[in-house]
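Okay, so here's the structure we're looking at.
A short reminder: the numbers here are calculations on the coordinates, not readings from a lab. Computed from a predicted model, the values in this text were never measured in an experiment. Neighbour counts are summed over all protein chains in view; Cβ atoms, including those assigned to glycine, are modelled from backbone coordinates with ideal geometry.
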Amino acid sequence: MKADAVRGHLDAMLLAVLEPRPLHGYAVITAVQRRSGGALELRTGTVYPALNRLERLGLLRSRWQPVADRPRRCYELTDAGRRHLVDARSTWRDFTATIGAVLSSARHAT
């Protein structure tokens, strides 16, 4: 999948994979790849700055935790992050319905 397709949706995807539980950065990347069936392979140079930005915005919080006997920075949603994810999902549904209507078969055209 083209990187342009992800642009504008990265924040929502990161929040979504962090919704069930806190994860460290590499686990976030792996979760996105797994959920996308391997279609999305995010780079660390994209994900870590985004996680830091979401934390600065108050949508995530992080803390150092031992993972496999190594300290790793784990990220989790804040209440504001959960609210933002609800809004992002609603916006996504509206967007995909609108684009789907335009891209649908010419038989539906007026």
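Assorted remarks:
- Here's the picture: charge each Lys and Arg Cβ at +1 and each Asp and Glu Cβ at -1 in the stretch 3-99, and of I99, L18, A88 the one pushed furthest to the positive end of that dipole is L18.
- Option label - semi-axes √(5λ) of the Cα gyration tensor in Å computed here, alternatives (1) 31, 16, 11; (2) 46, 20, 10; (3) 19, 15, 14: (1)
- When H9, H84 are arranged by Cβ crowding within 10 Å, least crowded first, meaning fewest neighbours, the order is H9, H84.
- Estimated 222 nm signal from helices in the chain, with DSSP H stretches of n ≥ 4 weighted -39500 (n - 2.57), rounded to 500: -17500 deg cm²/dmol
- Approximate spin-label separation V102-L57, in nm, with each point projected 7 Å along Cα-to-Cβ: 2.3
- Tilt relative to the chain, helix 44-56 - C-alpha long axis, 0 to 90 degrees, to 10: 80
- Taking the alpha carbon gyration tensor of the stretch 4-54, multiplying each eigenvalue by 5 and rooting it gives semi-axes of 14, 13, 10 Å, largest first.
- In loop segments of the stretch 25-88 as defined by DSSP, the trypsin sites (Lys or Arg not before Pro) with at most 10 further C-beta atoms inside 10 Å of their C-beta are R43.
- Reciprocal mean inverse distance between Cα atoms of the stretch 68-108 - Kirkwood radius, Å: 13.4
- Size of electric dipole in the chain: Cβ of Lys, Arg +1 and of Asp, Glu -1, about Cα centre, debye, nearest 20: 160
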